[in-house]
Amino acid sequence: MADSTVKSGAKVNRFLTGVADVSLFLAQVFRSTFSRGFEFHEFLKQCFQIGNKSLGLISVTGVIIGLVLTIQSRPVLVDFGAEGMLPGMVAVSIIREMGPVITALICAGKIGSSMGAELGSMRVTEQIDAMEVSSTNPFKFLIVPRVLAATFMLPVLVLYADALGIFGSWVAANIKGDVSLVLFVNQAFKSLEFMDVLPAVIKTFFFGAVIGLVGCFKGFHAGRGTESVGIAANSAVVMASLLVIVVDLIAVQITDLL
């Protein structure tokens, strides 16, 4: 009985400590973001690295999304005599949900693990400690540029993936048909409304912020051993992917109320 009580108390203590660490981390990031001395050069560097590292994977994924969605949906629409609705259905599906979520999950694996491993390595090699000792704010130089870069680059990557998804859908539609790209795109965008695009774009900013914050938090609070780098990278991917799904669920509920 006493052992179970001690274990329960230890779990509660770890949970409360974790909540405190997250709260302090978020407060410090917020404070450093709006303070003087923003590292604009580092921000641009991180934007380039995030976009450059993810562009190839996002390109392949975007095309495959359009191909698979079209190949799977076309036989059903043909059976109901609604083949003309294919471009609009694919465009709405990709832009509203599939494009943002799948792209965010890919970036959570690519960007989140990279941030966790990079900052974890800096923590293990005591580079972050050296910055703190030399009166350099590691949040302003390391954390804020990465979080903001992920926040602003993810919407760009999502729009790029959406465009490639529609292109992949057109390619799939031409496997058993003959549709011009201009006609296909016109039919696709004719079915879209402003409220289809705006919420999808807005939630991608939150996806990017979540990925950046989780990756930086896990790396910044990594342990001292070399194995903690791998643990930080792995936990960053898992937690960022889970939070992306949760944020998407909240965004869908809010959009449904509008």
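Please work out if Ala161 is under 29 Å from the mean Cα position of the chain (by Cα), surrounded by 21 or more Cβ atoms within 10 Å (Cβ to Cβ), closer than 25 Å to Lys45 by Cα and not β-branched (Val, Ile, Thr).
Taking the combined requirement at face value, the residue satisfies it.
In the range 129-149, how many are closer than 20 Å to Phe38 by Cβ and surrounded by fewer than 19 Cβ atoms within 10 Å (Cβ to Cβ)?
7
So is Ser191 hydroxyl-bearing (Ser, Thr, Tyr) and open to solvent by 30 Å² or more (accessible area, probe 1.4 Å) or not?
Yes.
Out of Gly99, Gly37, Gly84, Gly88, I need the residue that is within 16 Å of the chain's Cα centre (by Cα) and of a type outside the set (A, V, I, L, M, F, W, C). Which one?
Going through Gly99, Gly37, Gly84, Gly88 in turn, just one is within 16 Å of the chain's Cα centre (by Cα) and of a type outside the set (A, V, I, L, M, F, W, C): Gly99.
Scan the range 229-239 residue by residue and report those that are crowded, with 19+ Cβ neighbours inside 10 Å and β-branched (Val, Ile, Thr).
Answer for the range 229-239, where residues must be crowded, with 19+ Cβ neighbours inside 10 Å and β-branched (Val, Ile, Thr): Val229, Val237.
Whether any residue in the range 153-170 is of a type in the set (Val, Ile, Thr) and closer than 29 Å to Ala117 by Cβ is what I want to check.
Within the range 153-170 (the criterion being of a type in the set (Val, Ile, Thr) and closer than 29 Å to Ala117 by Cβ), the answer is yes, since at least one residue qualifies.
Can you pull out every residue in the range 35-60 that is open to solvent by 90 Å² or more (accessible area, probe 1.4 Å) and either in contact with a Lys or Arg (Cβ under 8 Å, 6 or more places away or on another chain) or within 13 Å of Ala149 (Cα to Cα) (or both)?
Residues satisfying the conditions are Phe40, His41, Lys45, Phe48, Asn52, Lys53.
Would you say Ile65 is crowded, with 17+ Cβ neighbours inside 10 Å, in a helix (DSSP H, G or I) and either modelled with pLDDT under 85 or out of contact with any strand residue (DSSP E or B) (no Cβ under 6 Å at 6 or more places or on another chain) (or both)?
Yes, satisfied.
Per-residue answers, yes or no, for (1) part of a helix (DSSP H, G or I); (2) crowded, with 18+ Cβ neighbours inside 10 Å:
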site	(1), (2)
Thr151	yes, yes
Ser169	yes, yes
Ile175	no, no
Ala200	yes, yes
Phe205	yes, no
Ala209	yes, yes
Gly212	yes, yes
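What is the residue count in the range 214-228 for residues that are open to solvent by less than 30 Å² (accessible area, probe 1.4 Å) and either farther than 21 Å from Val144 by Cα or part of a helix (DSSP H, G or I) (or both)?
7
Scan the range 234-254 and give yes if some residue there is part of a helix (DSSP H, G or I), within 12 Å of the chain's Cα centre (by Cα), of a type in the set (Asp, Glu) and at pLDDT 90 or above, otherwise no.
yes
Test Leu26 against the criterion of being under 17 Å from Leu159 (Cα atoms), modelled with pLDDT under 90 and out of contact with any Gly (no Cβ under 6 Å at 6 or more places or on another chain), and give yes or no.
Answer is no for this residue.
The values are calculated or read from the model by the stated rules, or taken from the named source; none is laboratory data. Everything numeric in this text was worked out from a predicted model, so none of it was measured. We place every Cβ from the backbone using ideal geometry, glycine too, and count neighbours over all the protein chains shown. Surface areas here come from the heavy atoms of the whole protein model, side chains and all, with no ligands, DNA or RNA. Shrake-Rupley method; radii C 1.70, N 1.55, O 1.52, S 1.80 Å.
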